[in-house]
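Accompanying notes for the structure given below.
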Amino acid sequence: MKKSILSLASAMLFVFATNAQKVEFEEYDLDNGMHVILHKDTSAPVVITSVMYHVGAKDEQPGRTGMAHFFEHLLFEGTKNIGKGEWFKMVSSNGGRNNANTTDDRTYYYEIFPSNKLELGLWMESERLLHPIIGQDGVDTQNEVVKEEKRLRVDNQPYSRFLEYVKENMFKKHPYKGTTIGKMADLDAATLEEFLAFNKKFYVPNNATLVVAGDIDVASTKKMIQDYFGPIPRGAEVSKDFPMEDPITEAMTAKGYDANIQIPAIMAAYRTPSMKTRDSRVLDMISSYLSTGRSSVLYKKLVDEKKMALQAGAINVSQEDYGTYILFGLPQGETKLEDIIKEIDEEILKMQTELISERDYQKLQNQFENNFVNSNSSVEGIANSLARYHVLYGDTNLINSEIEIFRSITREDIQAVAKKYLNPNQRLLLEYLPKEK
């Protein structure tokens, strides 16, 4: 009976996903190089105006870490036509909300307004690009804001530095070895001229993708975009030429310390290919197989059955140039860190030597079908995906077609990718340990 219900649910989900409405969009370039993507959705009277800049932590100069994330804050300070501290007030007083976020690869700003405020959103984003005020007063103000964010999110959060320790040991040449939030000493040492130079280099229309999504009239939207963004001068071309990493052929070990924890953790980390590759998608599936839900392999074995771990799982940190695949566990009771890794390695070896069951494979397909449907369920999510697929993947239509890549992944592919990347001689073993305050 359970099998019949599962099969019925799988069939229904497949039909739903197969017939999910295609995301229609139009894209073009302005003369100054800005890429524009338009998506019309009249299901609700809202509109998203967003800009993704192809600049992240990896683009920073040595000794000036944290600058990309700093700009995420700095460019809300104000412009020639928006007073200091007025940005958020202007958005909220017009029924909107806004935010921004930064990764190693890109920076994303967006506003969500009632659809009759589209022009306001476009004007504000054009102001951010054309007329930002970058002065010492604003730099000093945001410096304190970023320091407080680091204290709150990193310095005082348990297990918050594990990725930092993994990356600094995993990457020897590529700038992924740093952190997105950076080092506060670097920001303190940066001069106003360096902030101005960073803005001039990266915040140019030819390094930006504008997405307008929601209840819009396409013709009038195009005119407004041309009026507000068209006159902005094109900047110098932004080159992306990062050093490549040598393959990992011998196991590495390291230790990291955290004053906010009492229970240690063990991490096995592997350097993997770009998010743009098919193999990276296979690794996404392997992560789900190993650690999504209480019925997943690592949770069921280490937490539920053997009671060796408080938590265990897998994370595929997929990025534009490389990925970092992390297997981890937090021991319970007297369990040793090496015992956790031994149990995890047994499961990886099974994947490398045996095909996962047809039932587990179908469960994975269902999960990814569901993720696909959910990612396109809101205009806000669609706007983000359109920008991300263009900027980081170079193919905006992946918003519709990426699910076909996941559908094409076979059990044999899962086995082959596990064999290719998840081997003991290709990894870093990191002991994440309590540190006395």
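Over all projection directions, the Cα-based convex hull of region 185-233 averages an area of 5.2 nm².
Based on the convex hull around the alpha carbon atoms, the chain presents an average projected area of 22.6 nm². A simple packing score, the average count of other Cβ atoms within 10 Å per residue, orders the peptides 187-194, 62-69 as 62-69, 187-194, with the highest score first.
With a 1.4 Å probe and every protein chain kept in, tell me what percent of the accessible surface of the chain is carbon plus sulfur. About 52 percent, which is the carbon plus sulfur part of the accessible surface.
Protection proxy ranking of 367-373, 119-125, by the mean of other Cβ atoms within 10 Å over each peptide's residues and highest first, is 119-125, 367-373. With viscosity 1.306 mPa s and temperature 10 °C, the Kirkwood radius over alpha carbon pairs of region 9-142 converts through Stokes-Einstein to a diffusion coefficient of 93 µm²/s. Ranked by the mean number of other Cβ atoms within 10 Å of their residues, highest first, the peptides 252-262, 382-392 fall in the order 382-392, 252-262. Distances between every pair of Cα atoms in region 378-437, grouped in 5 Å steps from 0 to the bin holding the largest one, split as 4, 13, 12, 12, 11, 14, 14, 11, 6, 3, 0 percent.
For the chain, the per residue solvent-accessible surface stands at 46 Å², with DNA, RNA and ligands left out and a 1.4 Å probe. Taking the charge dipole of region 81-132 about its Cα centre, with +1 at Lys and Arg Cβ atoms and -1 at Asp and Glu Cβ atoms, the residue from LEU122, ASN81, ASN94 reaching farthest to the positive side is ASN94. From its DSSP helices (H runs of at least four residues, each -39,500 (n - 2.57)), the chain gives a residue-normalised ellipticity at 222 nm of -12500 deg cm²/dmol.
For region 224-331, pairs of C-alpha atoms spaced more than 21 angstrom apart make up 57 percent of the total.
Seen through its C-alpha gyration tensor, with square-root eigenvalues sorted a ≥ b ≥ c, region 73-136 comes out oblate because a/c lies at 1.5 or above while a/b is not bigger than b/c. Between ALA254 and SER92, the modelled labels are 4.1 nm apart [label points 7 Å from Cα along Cα→Cβ]. Run the Debye formula on the Cα coordinates of region 317-437, all scatterers equal and no solvent, and tell me log10 I(q)/I(0) at q = 0.17 1/Å. So the normalised log intensities are -1.08.
Using θ = phi - 60° and the Karplus curve 6.51 cos²θ - 1.76 cosθ + 1.60, what whole-Hz ³J(HN,Hα) does each residue of region 174-184 get, with Gly and Pro shown as x? Once θ is set to phi - 60°, the couplings for region 174-184 become 6, x, 4, 5, x, 10, 5, 6, x, 9, 5 Hz. Expressed as a fraction of 2.2 N^0.38 Å, the C-alpha radius of gyration for region 108-246 is 1.33. Toward the positive end of the charge dipole of the chain, with +1 on the Cβ of Lys and Arg and -1 on the Cβ of Asp and Glu, the farthest Cα among GLY33, TYR110, LEU330 is that of LEU330.
Assuming charge only on the beta carbon of Lys and Arg (+1) and of Asp and Glu (-1), the dipole of the chain about its Cα centre is about 920 debye to the nearest 20.
The values are calculated or read from the model by the stated rules, or taken from the named source; none is laboratory data. From a predicted model like this one, the values you see are computed outputs, not experimental measurements. Glycine gets a Cβ as well: all are built from the backbone with ideal geometry, and neighbour counts include every protein chain shown. Areas reflect the complete protein model, heavy atoms only, side chains present, ligands, DNA and RNA absent. Shrake-Rupley method; radii C 1.70, N 1.55, O 1.52, S 1.80 Å.
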